[in-house]
Amino acid sequence: GESVGLHLPTLSVQEGDNSIINCAYSNSASDYFIWYKQESGKGPQFIIDIRSNMDKRQGQRVTVLLNKTVKHLSLQIAATQPGDSAVYFCAENPSRNSGNTPLVFGKGTRLSVIA
Amino acid sequence: SQTIHQWPATLVQPVGSPLSLECTVEGTSNPNLYWYRQAAGRGLQLLFYSVGIGQISSEVPQNLSASRPQDRQFILSSKKLLLSDSGFYLCAWSHIAGAAYEQYFGPGTRLTVT
């Protein structure tokens, strides 16, 4: 997509503070969403997912919120730690009831934790 | 458990040389397979995906090609590399159909074309 050529936006957060990373999606038919974390030089790793029949899902120190009305997804990280520094991608499954369509990835946000 | 392998981990190739990157998946059968490219400090660009042996969908027209000679093997190739082919190449797999849509990524190959 056109966003892959853009430099990633950066979010700087003080260690111990909460982080909120936002993502807008465009397809109202998307039924599944994932957040990935990509550390430097590594492949993206799954953090948390949420289905469209839910508004909120919590994991360990992370919470994903889904607002289908405005097509917005957010990832909240509690008590941000230096190890949270990475690039975070949201992804959506654009085809309802199909596992054969590639996920559509957002442009990514670089989280920088200040010690 | 399932694992995904990519090799080589890093590669430096001159312009005009051929390319072959390999990806294999263990511990599952009939996966969907994907190739992505990521330029430095950029997002993920889907290049190819495959839902079965010999079935390749191309997302971006370019001088790269992909092949799936075996169920759990996905190969990315080029006959002549361009400088713009430099980047971090990621292979991923997912379960075919069903309710699980998560894509699992490999460790990546960093390609530098000189």
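The values are calculated or read from the model by the stated rules, or taken from the named source; none is laboratory data. Since this is a predicted model, take the numbers as computed values, not measurements. Cβ: placed from backbone, ideal geometry, glycine included. Neighbour counts: every protein chain shown. Keep in mind that these areas ignore ligands, DNA and RNA; they rest on the heavy atoms of the full protein, side chains included. Shrake-Rupley method; radii C 1.70, N 1.55, O 1.52, S 1.80 Å.
Just a few scattered comments:
- For the pair A:Thr101 and A:His7, a Förster radius of 30 Å applied to the C-beta separation gives a FRET efficiency near 0.60, rounded to the nearest 0.05.
- Area hidden from solvent between A and B (accessible, protein heavy atoms only, 1.4 Å, total, Å²): 2100 Å²
- Between B:Ser29 and A:Glu39, the modelled labels are 3.5 nm apart [label points 7 Å from Cα along Cα→Cβ].
- Counting only other chain Cβ atoms within 10 Å of each residue's Cβ, the peptide B:40-49 averages 6.
- For A:Val104, solvent-accessible area (1.4 Å; no DNA, RNA or ligand), Å²: 70 Å²
- Partner chain coverage, peptide A:42-49 - average Cβ within 10 angstrom: 5
- Karplus-derived 3J(HN,Hα), 6.51/-1.76/1.60, for each residue of the stretch A:41-52, Hz, glycine and proline x: x, 10, x, x, 10, 4, 10, 7, 10, 8, 9, 6
- Mean Cβ neighbour count within 10 Å, used as a protection proxy, ranking B:5-18, B:30-43, A:23-36 highest first: B:30-43, A:23-36, B:5-18
- Heavy-atom SASA rank of B:Asp85, A:Asp55 (probe 1.4 Å, accessible area, largest first): A:Asp55, B:Asp85
- Applying Stokes-Einstein at 25 °C and 0.890 mPa s to the Kirkwood radius of chain B, computed over alpha-carbon pairs, gives a translational diffusion coefficient of 173 µm² s⁻¹.
- Among the trypsin sites (Lys or Arg not before Pro) within the stretch B:48-96, those in coil by DSSP and having at most 14 neighbouring Cβ atoms inside 10 Å are B:Lys79, B:Lys80.
- Expressed in Å, the radius of gyration and Dmax of the Cα atoms of the stretch A:2-114 are 13.7, 42.
- Computed over the alpha carbons of the protein assembly as shown, Rg followed by Dmax gives 17.6, 50 Å.
- For the peptides A:105-112, A:66-73, residues were scored by their other Cβ atoms within 10 Å and the scores averaged per peptide; the highest-first order is A:105-112, A:66-73.
- Peptide A:28-39 shows a mean partner chain C-beta count of 2 within 10 Å per residue C-beta.
- Of B:Val113, B:Val51, the order by accessible heavy-atom surface (1.4 Å probe, DNA, RNA and ligands excluded), from most exposed downward, is B:Val51, B:Val113.
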